[in-house]
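Notes follow once the structure below has been shown.
We did not get these values from a lab; they are worked out from the coordinates using the rules stated. Remember, predicted model here, so these are calculated numbers, not experimental data. Virtual Cβ from ideal backbone geometry, glycine too; neighbours counted across all protein chains shown.
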């Protein structure tokens, strides 16, 4: 009837086409697919604005329950679908430039399958279907991070990413089972409306499990290390998965299931975890020198902002920030990627020393990094206003501090790596120009969208003294970065802080996790040896039988003297028994 | 209407043809004969799915109730699906692997093939037991004679001892059922079983558990498995893990779920506990494995434990999940062991440390390897997922804490991904690697297409077993 799943199908077909068509056509398949998906999403969004509907198809039947594949078309889901397909289209266009010399088929097929899964995720109405796509995006992320699998670093990073996110995935799986058993329905709306009848244990259990799921997928503390290592993947992958879409799935689930978390009383826990994660990410970003890893830390921090916004019952703020973040983060990754292809490095200090000028990338970079900091007049300033709308005083104070540090580390990256120039143009390359300029324009002027965003999801914004103070803090951070990293003043005062930051990173969290992993494998070795002993015990039994067989084999050894002896012995025994008992 | 007798007839003709071929030295390729038989059987099976099956019942020794009865019961079809198709896909592996005494081997192969299918269509317990034993004993020969040169004999013996123990327990179950219902016929027992006194049902359950826990296998009766799976030729390992272990599942479903559910009802918490213990313990043991074949052998136990949990929960969802997982696991583990066999022939051993970086030189194998590992991990869209979901859902409704079994799945993710990383990813460690050829690619495609099919349309399998309570 309404065929909303048509939004998904082009990407699935594109994935098949990418595999079956000649190598050079893979790119075209993917781009055409995502353009069609984008067109369809926008069509549905405008045609069915404020006219939500559901669509479902039976999947399988068991235990008297019909499990169905059901999609929901509402303002929010169609908006998310449009956002995902829009960013995907730009990323795929950019990939034409960045991945020119790489195996095309595998890349575009995996990317298309990813976009297919992500689109399915944002439009799912059934929690089980949501889970299906949730895991699929995790698997595609694993394959894409490990794209250059011949090298150790990407292979290890992909494995780490999937292991960490699978912990969350399986918690999600358990939560789906718990919620389904209690609510007797899988539809998200149905589950939310039955929260009242959930018994307390099930409520806490499912909320905790879902919490683990979202913090692992969205790389929050303590699961954040996988995202930083995921930067080993190709930059377009980082732009699409690890900034704009996949990691945002956690925030999206949080928004969708917000009533569940709030009823379980998890709001303050989420806010606490969010702020802790944000501080850790900001501080670690401050000492990082690899541009992509700095962006990864800033993604972790931005995701925590989304979490905190949602937990303060401000779903609109979270989603608007998600939108803004998708725009400026993918912009920044494009810039970083273009910089790598043009200048040969991601290290901000190498870029500083070897590059004379950044060319036309300078202004978009400024827009991007200023957006991380949330400076006006960019779109993210408005997003910051929106997400802090429901903050308590304590939250706002912490946020002011955070704004300072955020601006500090983002402008550090900017001032070190990018240089203004008197203009020489760099080689024209549409695949890079168009995405970067388009996203820069949106990041620059898009703030005005906030005022209309309520149509999608109820959005509020609140301008008060704290928002002004955080804005000033951000400017202060930018200025400090300017002084420190461009003008190299204030170094002595800062070196103490710098040493503290280095100490923090040395006792790094990652090594704790590695240690835990090693401990577990050693434990497994012990248990394995125990099992071997256990098995050899049973081997003893069967060996005993075997030797019994071998020994009794001797009875039939064909030697007539043995037979005569046996007959004689038997005769004697029979006579004795006969005499004794008869 | 397809006669079920033809499932026995075709392999029998094949065996005669093989014997004629050997004794008259006809020099025909044994594999071709077997291939024709299997192709014919597959055709009959799918024909029967479309047109319906017709059973047969001939009284042989009516005094003790031994009659040659074949018929389809509500459980038969999914099991027949795997029993009919997997040996067909496996034939190519046997062709590459078995080089001496081929006639004897393929006769055993056809005996196993016919026996396995016939177990699932037997309507008389004595007949079922005869076919059960035939399948098991053929496999003993396969492991002993064509297995690893040094350890084959010993492992075969260990396998024989344990498997005969399980057959003995099965015989005890059958005899107990007979003495309390007066019949060996499945028809009658299914109707009369509920009137067996509860205490006797517990005894039957005990013996049934011995059988099932040895067959599938489950902790703590799994001792025969690592060595047997390791020493057997790849063909033998696939037959063991894909098919023979499912004999245990079938017995548990048929006798446990359908005939003595009252006994299971009282014991189900304990049974689910045993399954969970297996899942968690084996997940840890598997983490320590450095031998790829042993790794997959242990990991196969985890899914058998999940199937066990699904059936023990006595819920429709659990049983449906168990059946889907059975079919799914058979295809996936067949793929994994066949690929492991290929890897051994390329690198000379099963040790993971001797492999590495194969993705670069063997793209086709790598695609199937990664696919199979992702499938066994339970990625949605592939067949294991729906089975796992239904099993855990069924188990949760009986025993909420059953969800800790998922910790075993988390642990298993680690060693699966490590296997992929250490075998496929990384730098190439040796030269002279050939990728898998066209026929093997076809073999893998066949198996993978079933994995995807069952993953996307699990209803096909679930509807095959409608009629479950």
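A few notes on this one:
- Computed from the C-beta positions of residue A:543 and residue A:511 and an R0 of 45 Å, the FRET efficiency is 0.45 to the nearest 0.05.
- Volume of the Cα convex hull of segment A:1-62, divided per residue and given in Å³: 93
- Per-residue mean of foreign Cβ neighbours for B:411-422 is 5 (Cβ atoms of other chains, 10 Å radius).
- Principal axis dimensions, largest first and in whole angstrom, of segment A:284-438 by Cα: 48, 31, 22
- Two-site label geometry, residue A:46 and residue A:575: point separation in nm, points 7 Å out along Cα→Cβ: 11.6
- With a 10 Å cut-off around each Cβ of A:522-531, the average count of Cβ atoms from other chains is 6.
- Long-range Cα-Cα pairs in segment A:252-351 (distance over 22 Å), rounded percent: 39
- C-alpha center-to-center spacing [segment B:318-364, segment A:236-254] in angstrom: 32
- Likely footprinting exposure, A:110, B:440, A:102, A:483, fewest C-beta neighbours within 10 Å first: A:102, A:483, B:440, A:110
- For segment B:81-222, the Kirkwood radius over C-alpha pairs fed into Stokes-Einstein at 4 °C and 1.567 mPa s yields D = 77 µm² per second.
- Residue A:430/residue A:482 FRET efficiency (R0 56 Å; Cβ-Cβ; nearest 0.05): 0.95
- Helix A:104-123 and the longest principal axis of the Cα set of chain A meet at an angle near 80°.
- Crossing angle, helix A:291-311 versus chain A [Cα axis fit, 0-90 degrees, rounded to tens]: 90
- The simple Förster model, with R0 at 30 Å and r as the Cβ-Cβ distance, assigns residue A:556 and residue B:151 a FRET efficiency of 0.65.
- Fewest neighbouring Cβ atoms within 10 Å first, the residues A:135, A:532, B:133 line up as A:532, B:133, A:135.
- Kirkwood's formula applied to the C-alpha pairs of segment B:412-460 gives a hydrodynamic radius of 13.7 angstrom.
- Burial ordering of A:28, B:266, fewest other beta-carbon atoms within 10 Å first: B:266, A:28
- Separation of the residue A:194 and residue A:54 label points, Cα + 7 Å toward Cβ, nm: 1.2
- Across segment A:204-238, the residues whose backbone nitrogen lies under 16 Å from the label position 7 Å along the beta-carbon direction of residue A:350 are A:231-235.
- Model label zone, residue B:439; criterion: amide N under 13 Å from point 7 Å along Cα-to-beta-carbon; scope segment B:88-125: B:89-99
- By definition, a body whose alpha carbon gyration tensor gives a ≥ b ≥ c is prolate when a/c is 1.5 or more and a/b is larger than b/c, and the protein assembly as shown fits this prolate description.
- Rule-of-thumb Rg ratio for segment B:56-138 [Cα; 2.2 N^0.38 Å; N residues]: 1.26
- 4 °C / 1.567 mPa s Stokes-Einstein diffusion coefficient of segment A:513-581, Kirkwood radius on C-alpha pairs, µm²/s: 76
- Computed from Cα atoms, the angle from the helix A:491-506 axis to the main principal axis of chain A rounds to 20 degrees.
- Chain A: C-alpha gyration tensor shape, a/c 1.5 cut-off, then a/b vs b/c: prolate
- Cα centroid of segment A:139-204 to Cα centroid of segment B:129-179, whole Å: 42
- Shape summary of segment B:261-469, radius of gyration then Dmax from alpha carbon positions: 17.9, 60 Å.
- Over segment B:44-101: Kirkwood hydrodynamic radius from C-alpha pairwise inverse distances, Å: 14.3
- Kirkwood-type radius of segment B:1-146, with distances r between different C-alpha atoms, in Å: 15.8
- Bins of 20 Å, starting at 0 and running to the largest distance - Cα pair percent for chain B: 26, 60, 14, 0
- Averaging Cα coordinates gives a centre for segment B:249-313 and one for segment A:353-394; these two points are 55 Å apart.
- The overall shape of segment B:348-460 is oblate: from the C-alpha gyration tensor, with semi-axes ordered a ≥ b ≥ c, the ratio a/c is 1.5 or greater and a/b is no larger than b/c.
- Normalised convex hull volume, segment A:81-212, alpha-carbon set, Å³ per residue: 101
- Scaled against 2.2 N^0.38 Å for its residue count N, the alpha carbon radius of gyration of segment A:1-125 is 1.14.
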